[in-house]
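Here's the structure, in structure tokens; my notes come after.
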């Protein structure tokens with residue numbers, strides 16, 4: 001990321017000339033009735049939503065706005081445990097209380113949300129007002145949104161589809177959440193499309209959500225001076241995608257070609273799910289049965305081959321391709337992985353357990369915890385204490401433990417093991433410090 005790959009598709013645009021403000025004739029995002037209204041309508045038509053609103057504070061602003069619009073103080077919301085940490089910021093702001101649903105983990109890769117688990121959560125907590133989940137996941141795995149929506153009944157479904165703004169481009173990608181009955185969908189255009197960082201969209205996809213309420217809450221979560229530069233590049237990205245369908249076809253053809261080659265790897269393994277449940281633009285390479293960890297593979301790719309890695313974990317790496325990647329770049333990536341694979345050998349490793357604890361002990365709501373006095377403690381002293389802020393793997397921002405939860409032994413072991421990969425902790429003279437209440 002970003003999807004324009006260091007400006008490749010933005011070359012030649014008069015970017016500084018686009019940095020304007022609400023002058024005469026340039027409209028106003030929060031009271032759109034001119035060119036911004038038209039641009040958002042074009043975007044809505046492109047994605048098939050009821051309404052679409054530009055976001056210039058990223059998908060984070062969309063998540064905050066969506067939850068503030070749907071939930072009030074003490075409302076219950078079903079939260080997928082692998083959500084982005086901005087969800088917990090929204091819970092602090094809204095006062096809503098989370099009911100957690102944990103996706104399955106296979107070899108430390110987060111799987112989709114099971115609609116049956118949603119049904120069971122609703123039976124246990126029938127007063128749940130809404131649900132928020134991530135689809136596609138960071139690794140590209142997509143949930144069955146239409147079945148989840150059926151399980152929810154008339155409750156609001158918010159989908160953080162930040163990594164799926166490109167799914168609308170081709171039938172080889174999974175269906176978008178917009179087309180499967182979601183009520184609110186959030187997209188990060190900058191992740192997979194040629195738009196500037198922080199460029200995002202919030203889509204209203206049903207008559208259960210008011211455009212006026214979205215705008216009202218967006219004013220709370222986003223600057224009063226939204227970037228015209230970002231809005232212009234979002235409009236440009238949409239027009240570019242609609243006009244250059246040949247490039248999209250060539251990109252998909254090359255993706256399918258290199259994925260077919262990578263399926264032949266002997267020691268490394270390509271994550272390869274059913275097309276309807278997986279985003280093929282993500283190249284996820286599993287190292288589980290090789291003599292490398294994901295961290296080591298990432299180091300080789302970066303140091304020896306000068307290839308940028310999106311993320312690395314003990315068991316796998318994530319590479320993100322976009323429509324901007326040329327055939328030469330995609331072929332080189334494929335050939336490098338094949339070359340590395342030839343030098344590896346198979347190793348039988350212990351079955352690796354998830355980096356995300358399965359035990360959840362909630363003591364206080366996120367909002368209540370946020371306003372309590374907090375103190376930094378040595379990690380040896382925190383068992384039984386309440387976490388004062390999310391501790392998370394970043395990227396992508398998935399919490400290991402959430403604000404308001406009780407530390408257990410498993411948390412402590414994982415924090416010690418992955419301290420260099422975590423945000424939300426401090427390390428002073430080799431001693432790990434944790435914020436508790």
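Remarks
- For the range 293-311, a tally of residues being at pLDDT 95 or above and surrounded by 18 or more Cβ atoms within 10 Å (Cβ to Cβ) returns 3.
- A single member of 157, 123 is within 24 Å of residue 397 (Cα to Cα) and either in contact (Cβ under 8 Å) with a residue 12 or more places away in the chain or in a helix (DSSP H, G or I) (or both), and it is 157.
- Which numbered condition residue 256 fails, given (1) surrounded by 14 or more Cβ atoms within 10 Å (Cβ to Cβ); (2) at pLDDT 95 or above: (1)
- None of 234, 230 is within 19 Å of the chain's Cα centre (by Cα), part of a helix (DSSP H, G or I) and in the same structural domain as residue 55 (by TED's automatic domain parsing) except 234.
- Taken over the range 259-282, the criterion of being part of a loop (DSSP other than H, G, I, E, B) and within 19 Å of residue 340 (Cα to Cα) is satisfied by 263, 264, 265, 266, 267, 268, 271.
- From 219, 208, 254, residue being in contact (Cβ under 8 Å) with a residue 40 or more places away in the chain, assigned by TED's automatic domain parsing to the domain that holds residue 153 and either in a helix (DSSP H, G or I) or within 22 Å of the chain's Cα centre (by Cα) (or both): 219
- Of the strands (runs of 3 or more DSSP E) that lie entirely inside the range 336-437, those containing 2 or more residues that are in contact with a strand residue (DSSP E or B) (Cβ under 6 Å, 6 or more places away or on another chain), at pLDDT 95 or above and surrounded by 15 or more Cβ atoms within 10 Å (Cβ to Cβ) span 431-436.
- Count of the range 266-283 residues which are in contact with a strand residue (DSSP E or B) (Cβ under 7 Å, 6 or more places away or on another chain) and either without any contact (Cβ under 8 Å) to a residue 60 or more places away in the chain or outside the structural domain of residue 330 (by TED's automatic domain parsing) (or both): 3
- Unique residue being farther than 20 Å from residue 335 by Cα and buried (at least 20 other Cβ atoms within 10 Å of the Cβ) when the list is 278, 240: 278
- From the list 67, 36, the lone residue that is closer than 21 Å to residue 389 by Cα and in contact with a helix residue (DSSP H, G or I) (Cβ under 6 Å, 6 or more places away or on another chain) is 67.
- A single entry from 147, 86, 151, 135 fulfils the requirement of being closer than 30 Å to residue 251 by Cα and either at pLDDT 95 or above or touching a helix residue (DSSP H, G or I) at 6+ places or on another chain (Cβ under 9 Å) (or both): 135.
- Scanning the range 314-330 for residues being farther than 17 Å from residue 136 by Cβ, in contact with a helix residue (DSSP H, G or I) (Cβ under 7 Å, 6 or more places away or on another chain) and assigned to a loop (DSSP other than H, G, I, E, B) gives a total of 2.
- Sole residue being touching a strand residue (DSSP E or B) at 6+ places or on another chain (Cβ under 8 Å), buried (at least 23 other Cβ atoms within 10 Å of the Cβ) and farther than 26 Å from residue 219 by Cα, chosen from 158, 148, 132: 148
The values are calculated or read from the model by the stated rules, or taken from the named source; none is laboratory data. Everything numeric here is computed off the predicted structure, so don't read it as measured data. With ideal geometry, Cβ positions are generated from the backbone for all residues, glycine too; neighbour counts draw on all protein chains shown.
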